[in-house]
Amino acid sequence: MKIVFTRLFVLAVCLFAAPVCAFAADLVVSVTDAAGKPVSSAVVTFTPTGGAAVPAGLKTAVYTLTQKSLKFAPYVLAVPAGATVNFPNQDRVNHHVYSFSKVQPFQFPLYGQGKTRTMKFDHAGTVAVACNIHDSMSAYIRVIDTPYFAMTDISGRVTLKGVPDAAGTLSVWQPLMDAPEHTVSRALNAGKSPAQTFSVKVRDGGFPISGAY
């Protein structure tokens, strides 16, 4: 009986103290191109109007951008600001990984198979990554300043977990999107909105110019 009373009391507090105890829910987002085809590797974020702190556990999670078969994997990596990214080389050849992006310029001079380098990313934005030896290698690290983010899969869908019942901005970023800063956004009251769909224009082939970041 005491447990039931405690739960009712907490519920009452949340009802009358909103938005401090705003309820959280999952938000499903779909991203398609102009032809209705799913867009993968799109980073979807929800940023409450008042901002939201990124939990320490999210910052200390393991994030990896691997060099394998003369490619970076994944092509797009989303991480929270304050996270550290591992750059292991699984190729038999050396790589010289670098970025000239204003958000986080860095260079890892030649290192070989079985070796790893790490870099902490403290500022939100886009980091274009390349190899100074193999020009065909390209990848992007999207650094996020909200805890509510995820990346679309091959179906173009994603579920943002535990989004608060609050006003904010829902954004989609993808390096091949033909939009200012490769981003489209809309105002949203997450707690009162159904599943969201974005139709975006995506470039045909090629990679965005890293200097754009």
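The values are calculated or read from the model by the stated rules, or taken from the named source; none is laboratory data. Computed from a prediction, not measured in an experiment: that's the story for all the values here. Virtual Cβ from ideal backbone geometry, glycine too; neighbours counted across all protein chains shown.
Entry remark, the stretch 183-206: residues being of a type in the set (F, W, Y) and loosely packed, with under 14 Cβ neighbours inside 10 Å number 0 in total.
Of the residues making up the stretch 97-113, those that are out of contact with any Ser or Thr (no Cβ under 8 Å at 6 or more places or on another chain), at pLDDT 95 or above and surrounded by 15 or more Cβ atoms within 10 Å (Cβ to Cβ) are V97, Y98, F108, Y111. Restrict the check to the stretch 97-104 and report whether at least one residue is touching a Gly at 6+ places or on another chain (Cβ under 6 Å) and in a loop (DSSP other than H, G, I, E, B). Checking the stretch 97-104: at least one residue is touching a Gly at 6+ places or on another chain (Cβ under 6 Å) and in a loop (DSSP other than H, G, I, E, B). Where strands (runs of 3 or more DSSP E) sit wholly within the stretch 109-205, those with at least 2 residues that are basic (K, R) and either touching a strand residue (DSSP E or B) at 6+ places or on another chain (Cβ under 6 Å) or on the phi > 0 side of the Ramachandran plot (or both) occupy 116-121, 157-164. Of all residues in the stretch 53-94, those that are part of a strand (DSSP E or B), within 18 Å of H123 (Cα to Cα) and aliphatic (A, V, I, L, M) total 6.
If you check every pair at least six apart or on different chains, which have Cβ atoms under 8 Å apart with a residue in the stretch 32-45 that is of a type in the set (A, V, I, L, M, F, W, C) first and a residue that is part of a loop (DSSP other than H, G, I, E, B) and at pLDDT below 95 second? Correct list of pairs: A34/K201. Does T118 count as under 27 Å from F46 (Cα atoms), among the polar types (S, T, N, Q) and free of Cβ contacts under 8 Å to residues at least 60 places away in the same chain? Here the answer is no, as T118 does not meet what is asked.
A Cβ distance below 7 Å, combined with a sequence gap of six or more or placement on separate chains, defines the contacts here; from the stretch 175-199, residues that are at pLDDT 90 or above reach no residue that is part of a helix (DSSP H, G or I) and loosely packed, with under 13 Cβ neighbours inside 10 Å.
Condition first: closer than 17 Å to S136 by Cα and over 13 Å from the mean Cα position of the chain (by Cα). Now tell me which residues in the stretch 71-86 satisfy that.
K71, F72, A73 - these are the residues of the stretch 71-86 that are closer than 17 Å to S136 by Cα and over 13 Å from the mean Cα position of the chain (by Cα).
For the stretch 25-41, filtering for residues that are within 17 Å of the chain's Cα centre (by Cα), farther than 17 Å from P194 by Cβ and either surrounded by fewer than 20 Cβ atoms within 10 Å (Cβ to Cβ) or not aliphatic (A, V, I, L, M) (or both) leaves 2.
Hey, among A78, A83, A56, which residue is closer than 30 Å to A190 by Cα, in contact with a helix residue (DSSP H, G or I) (Cβ under 6 Å, 6 or more places away or on another chain) and either free of Cβ contacts under 8 Å to residues at least 24 places away in the same chain or surrounded by 14 or more Cβ atoms within 10 Å (Cβ to Cβ) (or both)?
Going through A78, A83, A56 in turn, just one is closer than 30 Å to A190 by Cα, in contact with a helix residue (DSSP H, G or I) (Cβ under 6 Å, 6 or more places away or on another chain) and either free of Cβ contacts under 8 Å to residues at least 24 places away in the same chain or surrounded by 14 or more Cβ atoms within 10 Å (Cβ to Cβ) (or both): A83.
Would you mind stating whether T45 is hydroxyl-bearing (S, T, Y) and either farther than 20 Å from W173 by Cα or surrounded by fewer than 17 Cβ atoms within 10 Å (Cβ to Cβ) (or both)?
no
For the stretch 122-177, taking the residues that are within 13 Å of the chain's Cα centre (by Cα) and within 19 Å of N89 (Cβ to Cβ), the one that is surrounded by the most Cβ atoms within 10 Å (Cβ to Cβ) is identified as Y140.
Could you say whether any residue in the stretch 164-174 is of a type in the set (D, E) and either touching a His at 6+ places or on another chain (Cβ under 6 Å) or in contact (Cβ under 8 Å) with a residue 12 or more places away in the chain (or both)?
Yes, some residue in the stretch 164-174 is of a type in the set (D, E) and either touching a His at 6+ places or on another chain (Cβ under 6 Å) or in contact (Cβ under 8 Å) with a residue 12 or more places away in the chain (or both).
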